[in-house]
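Trainee: The following block contains the structure, expressed as structure tokens.
No value in this document is a laboratory result; all are computed from the given coordinates. Bear in mind the structure is a predicted one, so any value in this text is a computation, not a measurement. Cβ sites come from the backbone with ideal geometry, for glycine too, and all protein chains shown count toward neighbours.
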Amino acid sequence: MAAKIKKGDLVEVISGRTSDQKKIDERNKRREAEGLAPLAPGDKGKQGRVIKVFPAEQKVLVEGINVKTRHTRQGMSAQGATTGGIEHIEAPIHISKVALVDPDTKKRVRVGFRVERDENGKRINRNPIRVVRGGTKRGLEPGKEIGA
């Protein structure tokens with residue numbers, strides 16, 4: 001599963017708390033009637049580039065997704081700066097919660113692999129090529145190569 005997503009890929013969050021404002025308002029109205037505090041919007045539906053992949057933990061670091069706030073003292077900054085204050089940093093998200101996005105159509109895609117072989121059946125290149133799998137109904141071209 002981790003072989004499908006690489007550094008620099010465009011991904012979309014497919015599970016978790018929604019970022020759709022209409023659904024958030026509806027949910028918070030229901031919570032208010034029950035006497036509960038409103039919930040903040042999440043990251044579902046947002047897209048971003050993969051900064052780093054952690055294959056051992058099956059997690060990815062995505063730009064602008066799962067942003068956490070860290071309060072730091074002077075000289076304790078994570079980025080090496082000596083000033084203290086509030087930092088906003090991305091936290092890793094599980095790889096099962098993101099889906100690869102086709103850079104041309106900006107739609108989520110399912111990924112398969114194609115192995116190129118010569119006339120004798122021997123592999124031409126060592127690494128398989130990532131290709132779009134299915135998606136004809138959503139206007140995607142099956143077999144199209146995704147990324148390098």
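Trainee: Run the helix sum for the chain: -39,500 (n - 2.57) per DSSP H stretch of 4+ residues, divided by residue count, reported at 222 nm to the nearest 500 deg cm²/dmol.
Mentor: After summing the helix terms and dividing by residue count, I get -3000 deg cm²/dmol.
Trainee: Using Cα atoms only, what is the angle between the long axis of helix 21-33 and the major principal axis of the chain, expressed in degrees (0 to 90) to the nearest 10?
Mentor: The helix 21-33 is inclined about 40 degrees to the chain.
Trainee: Put +1 on the Cβ of every Lys and Arg and -1 on every Asp and Glu Cβ in the chain; which of Leu61, Ile51, Gly135 then has its Cα farthest towards the positive end of the dipole?
Mentor: Gly135
Trainee: Can you pull the one-decimal nm distance between simple spin-label points at Lys29 and Glu57, each 7 Å off the Cα toward Cβ?
Mentor: For Lys29 paired with Glu57, the spin-label model returns 4.0 nm.
Trainee: Among Gly112, Gln74, Ile95, flag the residue with its Cα farthest along the positive direction of the charge dipole of the chain, charges on Cβ as +1 for Lys/Arg and -1 for Asp/Glu.
Mentor: Gly112
Trainee: If I take every Cα pair under 8 Å that is 6 or more residues apart in the chain, average their sequence separation and divide by the length, what percent do I get for the relative contact order?
Mentor: About 20 percent, as a whole number.
Trainee: From the cross-link list Lys52/Lys97; Lys52/Lys107; Lys46/Lys107; Lys4/Lys107; Lys7/Lys44; Lys46/Lys97, which pairs have alpha carbons spaced over 18 Å apart?
Mentor: Lys52/Lys107; Lys7/Lys44, as the Cα separations exceed 18 Å there.
Trainee: What is the magnitude of the charge dipole of the chain about its Cα centre, with +1 placed on the Cβ of each Lys and Arg, -1 on the Cβ of each Asp and Glu, and no other charges, expressed in debye to the nearest 20?
Mentor: In debye, rounded to 20, the chain gives about 340.
Trainee: Which of the aspartates and glutamates could be linked to Lys22 by a straight reach, that is with a Cα gap under 16 Å, when you skip same-chain ones fewer than 8 residues away?
Mentor: Glu32, Asp43
Trainee: Something else: In whole Hz and in residue order, list the ³J(HN,Hα) couplings for the stretch 89-96 that follow from phi through the Karplus curve 6.51 cos²θ - 1.76 cosθ + 1.60, θ = phi - 60°; x for Gly and Pro.
Mentor: The phi angles translate into 10, 7, 10, x, 10, 5, 5, 6 Hz.
Trainee: Calculate, in nm to one decimal, what Asp20 and Asn127 gain on full extension: separation in residues at 0.36 nm each, minus their alpha carbon distance.
Mentor: My answer for the length gained is 34.7 nm.
Trainee: OK, next. Report, by chain and number, residues whose modeled amide H sits under 5 Å from the one on Gly42, excluding near sequence neighbours (fewer than 5 apart, same chain).
Mentor: Close amide H contacts, sequence-distant or interchain: Thr18, Ser19.
Trainee: Between Glu141 and Val115, 0.36 nm times their residue separation minus their Cα-Cα distance comes to what?
Mentor: Gain in length upon complete extension: 7.5 nm.
Trainee: For the chain, max minus min Cα coordinate along each principal axis, in Å, sorted largest first?
Mentor: So the extents along the principal axes, rounded to whole Å, are 67, 45, 25.
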